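To start, the structure under review is shown below, and the notes come after it.
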Amino acid sequence: MSDYRYERLSAQDNGFLVAENPHTPLHIASVCIYEPGALATEEGGVDVRTFKRFIEARLHEIPRYRQKLMWVPVENRPVWVDDPHFSIDYHIRHTALPRPGSTEELKKLTARITTRTLDRNRPLWEIWVIEGLEGGRFAVVSKIHHCMIDGVAGAGLLQILHSPSPEIEIPEPVPYMPRPAPKSADLLMDAVERAASLPVRALRAWREVDLRSQSLFEELGGHARAVSDLALKALTPSSDTPINGALGPHRRIDWLTLPLEAVKKTGRALDCKLNDVVLATVTGAVRHYLFRRGVDPKQIDFRISAPVNMRAAPGENSVGNRVSTWLVDLPIDREGAEGWIDGILQITRELRSGSAARGFDLLMQAAEFVPPSLVALGARAASGPINMIVTNVPGPQFPLYAVGARLVEMQPLVPLLDGTGLGIALFSYDGKLHIGLNADYELVPDLGTFTAL
């Protein structure tokens, strides 16, 4: 049964809702820093009204920003419905640092903003405009629930909500006409019909397969190997480390920026990809950090989860999640940059030539047919016991503007999964590589040592 009034969340999207709890808010965040340009006021502040009109004029391109969750009775599966009471004033907040606000003060404020979970009775996003930064700049802290987007989709939204030129003309908003919300009985009937039609849909898909094709058996064998390899990895525990444990309610935020060309130059010199350089750098940082915390890296199996984009083409699925994951045991037992890069190259070349990402993707497709209560458990088991998440998303290599205000930095922040006290996100934009770190306040009290390396 299809209905224009609502859309079901995928199993992967729903997994981020099920896995969330008060100490693990699962929204993707970012900190954008701007030169104010035309948004500067005579009093030295920011023209938030104009900024708000600018965002509102583009909301028709992102329907999900005006949709909220509704739950299917009995099945307890969420769907997206239009919010009839949507108000942009709720989603765009305005605050300030005592002038002149430093970067350190901005990081502390960001940590407080991103710790709070989003209200599930409203569309799952917030934008905080923060004025008062030193140098006359201002910042925008954005929170978008992970059930709405992944990193690649977030990069696409960044361009939708900005302009490639400093023009300041704002068109009139497209009138918002919310679709009527479905009744609970309609949603329940849909769930019953979907369950009843499952065998038929499976049989139809099977009839479309050419059973005589030799490639069929090779493909099925590849699928089986992908899932079994992932299962074996998931059953192999990673080591306990000082940054792993029960998460508390508070966070620490830090970031740094590197010249993108310098990182690419290193990759070219070593005949490897930019992501390999990133993982090797993370390997060295983790190794040094463990030494500082009194842990011998040679006695540690330190595993990270590295999300992998599974979209077939650029721009496909501009919202929602379409990612798989690599499970990478960092070679922290090796010494020196050459040892780290050699170890990472050996691992990533095997991953690229194998089916590691396909195994997770297959499990997420199968999760569409299991009860929602098992989705998060299955996703967590599929990603295996890990110590940290490291995600790297490419962004536009040209400047972006919001009503004439130039975006100069875009620091990404990945949410923490239960048990992982540190997450690292990287985002390349306009010739720079921005590295954002999100950490549990108690598990990682010395977060600055990562960015100082």
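The values are calculated or read from the model by the stated rules, or taken from the named source; none is laboratory data. Just so it is clear, the structure is predicted and the values come from calculations on it, not from any experiment. FYI the Cβ positions are ideal-geometry reconstructions off the backbone, even for glycines, and counts take in every protein chain you see. These area figures cover heavy atoms from the full protein model, side chains too; ligands, DNA and RNA do not enter into them. Shrake-Rupley method; radii C 1.70, N 1.55, O 1.52, S 1.80 Å.
Could we say that His60 is touching a residue at least 60 places away in the same chain (Cβ under 8 Å), open to solvent by 60 Å² or more (accessible area, probe 1.4 Å) and in contact with a Gly (Cβ under 9 Å, 6 or more places away or on another chain) here?
Criteria not met by His60.
Could you tell me which numbered condition Arg93 fails, if it satisfies all but one of (1) in contact with a Phe, Trp or Tyr (Cβ under 9 Å, 6 or more places away or on another chain); (2) part of a helix (DSSP H, G or I); (3) within 30 Å of Trp71 (Cβ to Cβ); (4) not hydrophobic (A, V, I, L, M, F, W, C)?
(2)
Looking at (1) closer than 28 Å to Ala306 by Cβ; (2) open to solvent by 30 Å² or more (accessible area, probe 1.4 Å); (3) modelled with pLDDT of 95 or more; (4) not hydroxyl-bearing (Ser, Thr, Tyr), can you tell me which one His145 breaks?
Going through (1) closer than 28 Å to Ala306 by Cβ; (2) open to solvent by 30 Å² or more (accessible area, probe 1.4 Å); (3) modelled with pLDDT of 95 or more; (4) not hydroxyl-bearing (Ser, Thr, Tyr) one by one, His145 breaks only (2).
Can you name every residue in the range 173-217 that is among the hydroxyl-bearing types (Ser, Thr, Tyr), at pLDDT 70 or above and open to solvent by less than 70 Å² (accessible area, probe 1.4 Å)?
Ser184
Can you pull out the residues in the range 131-147 that are farther than 30 Å from Arg77 by Cα, part of a strand (DSSP E or B) and either of a type in the set (Gly, Ala, Ser) or in contact with a Gly (Cβ under 8 Å, 6 or more places away or on another chain) (or both)?
Glu131, Gly132, Leu133, Phe138, Ala139
What residue, among those in the range 246-287 that are of a type in the set (Gly, Ala, Ser) and in contact (Cβ under 8 Å) with a residue 60 or more places away in the chain, is surrounded by the most Cβ atoms within 10 Å (Cβ to Cβ)?
Here is the first cut: in the range 246-287, the ones of a type in the set (Gly, Ala, Ser) are 246, 248, 262, 267, 269, 280, 284-285.
Restricting the remaining residues to those that are in contact (Cβ under 8 Å) with a residue 60 or more places away in the chain gives 246, 248, 280, 284-285.
Numbers: Ala246: 11, Gly248: 13, Ala280: 27, Gly284: 20, Ala285: 21.
Per the criteria, the residue is Ala280.
Within the range 41-67, track down each residue that is among the charged types (D, E, K, R), under 23 Å from the mean Cα position of the chain (by Cα) and part of a helix (DSSP H, G or I).
Passing the criteria: Glu61, Arg64, Arg66.
Listed residues Ile130, Ile170; which is surrounded by 20 or more Cβ atoms within 10 Å (Cβ to Cβ) and over 14 Å from Leu400 (Cβ atoms)?
None of the others qualify; the one that does is Ile130.
Look at Ala226 and say whether it is under 28 Å from the mean Cα position of the chain (by Cα) and modelled with pLDDT under 65.
When the stated conditions are applied, Ala226 passes them.
Could you give every pair whose Cβ atoms fall below 7 Å, whose first residue belongs to the range 146-173 and is under 24 Å from Glu126 (Cβ atoms), and whose second residue is basic (Lys, Arg) and assigned to a loop (DSSP other than H, G, I, E, B), counting only separations of at least 6 or pairs across chains?
Qualifying pairs under 7 Å: Asp150/Arg322; Val152/Arg311; Ile160/Arg58; Leu161/Arg58.
Let's see how each residue does on (1) closer than 18 Å to Thr24 by Cβ; (2) modelled with pLDDT of 80 or more; (3) open to solvent by 10 Å² or more (accessible area, probe 1.4 Å):
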| site | (1), (2), (3) |
| --- | --- |
| Asp361 | no, no, yes |
| Gln365 | no, no, yes |
| Ala381 | yes, no, yes |
| Met388 | yes, yes, no |
| Phe398 | no, yes, yes |
